[in-house]
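The structure appears right after this line, and notes come after that.
Where a number appears in this text, it was derived from the coordinates with a stated rule and is not lab data. All figures in this text were calculated on a predicted structure; none of them were measured in a lab. A quick note on method: Cβ atoms are made from the backbone with ideal geometry, for glycine too, and the neighbour counts reach across all protein chains shown.
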Amino acid sequence: MNKNGLGLHIVFTGAPGCGKGTQARILKDKIAIPHLSTGEMLRAEAAKGTPLGLEIKALIDGGNLVPDDMIIKMLSARIDEDDCKNGFILDGFPRTLPQAEVLEEMLSKKGITLDAVIEIQVPDEIIMERILGRYACMTCGAGYHDKFQKPKVYGVCDKCGGTDFYRRIDDNRATVQNRLVNYRALTYPTIPYFDKKGLLRCVDGTGTIEATARKIDDLLAVTKPQ
């Protein structure tokens, strides 16, 4: 695999709250290719307040899945942008077996093949603790956690000095349980699908953020920043 990230196309997968978004952002900084979070893309659309955005918001707030055609269209356009010409890190998609098949078909038409699908494995009880405790800076979006990742100064963002924070409306016990049920029923079948294609790489995500990042580096033979 190319150590400088050129032409590297990776999917991060795993249950909600497993840390795939965090690890995708860390890897992005190391190999300098875009991190494409379909969840963030959809939430941005929902925040616009358009009819489509309101429909998306209702689905997200209920812990439900957004229709495939809506996501693929949005994702295809994003991959066509210049900053994706040397690869990308895909986070939060595919979430179903049909999405996995449509994704490969869409990428194939663009002459792109996936290099690896990284599954971050974390038990449900740890996932619940992680999700219910997380929050973010209202100004810059930096992520924090009540237990695992507190700001250095209480109530002050480490990155921008902001003092306003928020929690996602869907980060509540009932919605998280619904998301975990959806994951087991709908997303997990993509794991054996990618395994049969020789793309699956599994990582134990129960340790610290740094420990999990090191395991991913080893899997991908990623070079450390100079």
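When a footprinting reagent is the concern and you count Cβ atoms within 10 Å, what order do S37, S76, S108 take, fewest first? Intermediate results must be reported in sequence, preceding the final value.
Numbers: S37 20, S76 15, S108 10.
Exposure proxy ranking, most exposed first: S108, S76, S37.
Put in order of Cβ neighbour count within 10 Å, fewest first, the listed residues R201, R184, R130 become R184, R201, R130.
A straight line joining the Cα centroids of the range 161-226 and the range 61-115 runs 17 Å.
Given the alternatives (1) 22; (2) 16; (3) 10, percent of Cα pairs over 32 Å apart as computed for this entry is given by (2). The local environment of Y144, defined by Cβ-Cβ distances under 11 Å, has a net charge of +4 under the rule Lys, Arg +1 and Asp, Glu -1. For K150, a cut-off of 17 angstrom between C-alpha atoms picks up these aspartates and glutamates, skipping any fewer than 8 places away in its own chain: E129, D158, D164, E210.
Residues H35, H145, arranged from fewest to most other Cβ atoms within 10 angstrom of their Cβ, appear as H145, H35. If you count Lys pairs in the range 1-124 whose Cα atoms are under 14 Å apart, skipping same-chain pairs closer than 8 places in sequence, the total is 7. Neighbours of P34 by Cβ distance under 9 Å: Lys/Arg scored +1, Asp/Glu scored -1, total 0. Residues whose amide H comes within less than 5 Å of that of L90, counting only those at least five positions distant or on another chain, are I10, V11, F12, L36 (H built at 1.01 Å from N in the peptide plane).
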